[in-house]
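J.: Handing you a structure now.
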Amino acid sequence: MPLDRPVMPDADDLPDVLLDLAVPHEDINALVRLSGAVTHDTGVTRLLEECVQELVRDLGEVTGDREGVRRFGERLAEAPKTLGAYFAAYVYVAALPHTRAYHQERGVPAEITRHTLADLGRNMASRRRGHGTGGVRAPQWLVHHFRGELYQLGRLQFERAVIGQRTAPVLRAAGLDAVPGEPCVNLHIPDYRGPLTPAACDRSLTLARRFFPRHFPEEPYRAATCHSWLLDPQLKRCLAADSNIVRFQERFRVTREDTEPADEEPVRFVFGHSCLPVEELPRRTSVERAVGDHLRAGGHWYIGRGWFPF
C-alpha cells in the first residue's frame, strides 16, 4: 500500500496514540521529544515512509518471508543514532491506521485490536527491564502484529501460519491429511500476562476456535503448532507434575527438539536478560530454580516443537 508521506500524529496527539499501544509512561516523553527528528529531517522522513510501505505491502497475506523480515530489521537499523531503538516505534505508529483498517475490514473487534497491538508496549517494557534503556527490543517480531498475522486472544497469542516441510509428515503420520503450505496456527506465550494456568489456556483456545472461522473463514486450521523452550521435555524432570508449564506441555505432541542449545531463551524470559551470569541467577521461584540449577549443573535448554489438533 504506497504512501505519499508517513502517517505520523503530531506531538500533541502522539501521547494518546502511544498510550493506546501500551507504551510505558517513562518512554512517552522521549518519543514525543524525539518526534521532531523524524518529521523535520527529510532523510529520516523518507526512511520512515519506505519502512511503512514495506511493512504494509500485501497487508494480511501470510508469506512466511523470513528474509523480508530480516531486511526490514536492517532498514530500521539505518535510523540515526539519536533515534536508536526508538525509530521502530515511530514506524509502527505510522503504520497503525493501515493495521486498524485491515482489522476493521475483517470485522476484528476493537478490543482484540487493542490487546494485540499493545505488544509494542510490552516489547518496550521488556527492553527496559533487561537493558535499562528505552526503545523497541525486538522490532522484527512486531511485523506479525502490524501485518494482521498475529492476534492476542486471552492469555495466548495466535499467529496465522502455514505447515512446514518437516511438520507435514508428522501430522500425516498422526492421521491428518496435511500438506506443506496448508494453513495452521502458531501459538505464542507472551510475558506480562500472569500465570500460564490451564484455565487461562483453555479460555484462549476457546476464543481462538471461534475467532478464526469468523474472521478468516477461508483459512481452515486443523493443527496448532508451538516452537518454544517451554516445550523442552527436560522441564518435566525439573518441575512438579502439576506445574503450569508441565500441564501446558502435555497439550502437545512433540514433533522434534532442536539440537542446538538455546540457553538464552529461558534466561531472558524468566530473568529478563539473556546475558546474565549463570552463577548469579536468582532462585526465588520453582521456575527460576529449575532453569538456573540446570545450567549451573552444566546442562542446556532446547527449543521444543509440538502440535495438537485445532
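J.: So how many residues does region 225-272 have that are assigned to a strand (DSSP E or B) and charged (D, E, K, R)? Spell out how you get there, then give the answer.
T.: If we filter region 225-272 for residues that are assigned to a strand (DSSP E or B), which is where we start, we get 225-228, 253-257.
Within this subset, residues satisfying the condition of being charged (D, E, K, R) are 253, 256-257.
Total meeting the criteria: 3.
J.: If the requirement is being touching a residue at least 40 places away in the same chain (Cβ under 8 Å) and not in a helix (DSSP H, G or I), which of these qualifies: G306, G298? Steps first, please.
T.: On the way: G298 fails: touching a residue at least 40 places away in the same chain (Cβ under 8 Å).
None of the other options fit; the residue is G306.
J.: Can you tell which of R71, R5 is modelled with pLDDT under 95 and in a helix (DSSP H, G or I)? First the steps, then the outcome.
T.: Working: R5 fails: in a helix (DSSP H, G or I).
The match here is R71.
J.: Identify, from the list D258, D263, D293, D242, the residue that is in contact with a strand residue (DSSP E or B) (Cβ under 8 Å, 6 or more places away or on another chain), in the same structural domain as D202 (by TED's automatic domain parsing) and acidic (D, E).
T.: On the way: D263 fails: in contact with a strand residue (DSSP E or B) (Cβ under 8 Å, 6 or more places away or on another chain); D293 fails: in contact with a strand residue (DSSP E or B) (Cβ under 8 Å, 6 or more places away or on another chain); D242 fails: in contact with a strand residue (DSSP E or B) (Cβ under 8 Å, 6 or more places away or on another chain).
Going through D258, D263, D293, D242 in turn, just one is in contact with a strand residue (DSSP E or B) (Cβ under 8 Å, 6 or more places away or on another chain), in the same structural domain as D202 (by TED's automatic domain parsing) and acidic (D, E): D258.
J.: Please verify whether Y86 is in contact (Cβ under 8 Å) with a residue 40 or more places away in the chain, surrounded by 14 or more Cβ atoms within 10 Å (Cβ to Cβ), within 30 Å of P213 (Cβ to Cβ) and of a type outside the set (A, V, I, L, M, F, W, C), treating the condition exactly as stated. If you could, list the steps in order and put the result at the bottom.
T.: Details: in contact (Cβ under 8 Å) with a residue 40 or more places away in the chain: yes; surrounded by 14 or more Cβ atoms within 10 Å (Cβ to Cβ): yes; within 30 Å of P213 (Cβ to Cβ): no; of a type outside the set (A, V, I, L, M, F, W, C): yes.
Answer is no for this residue.
The values are calculated or read from the model by the stated rules, or taken from the named source; none is laboratory data. This is a predicted model, so every value here is computed, not measured. When we count neighbours, we look across all protein chains shown, and the Cβ atoms used for this are built from the backbone with ideal geometry, even at glycine.
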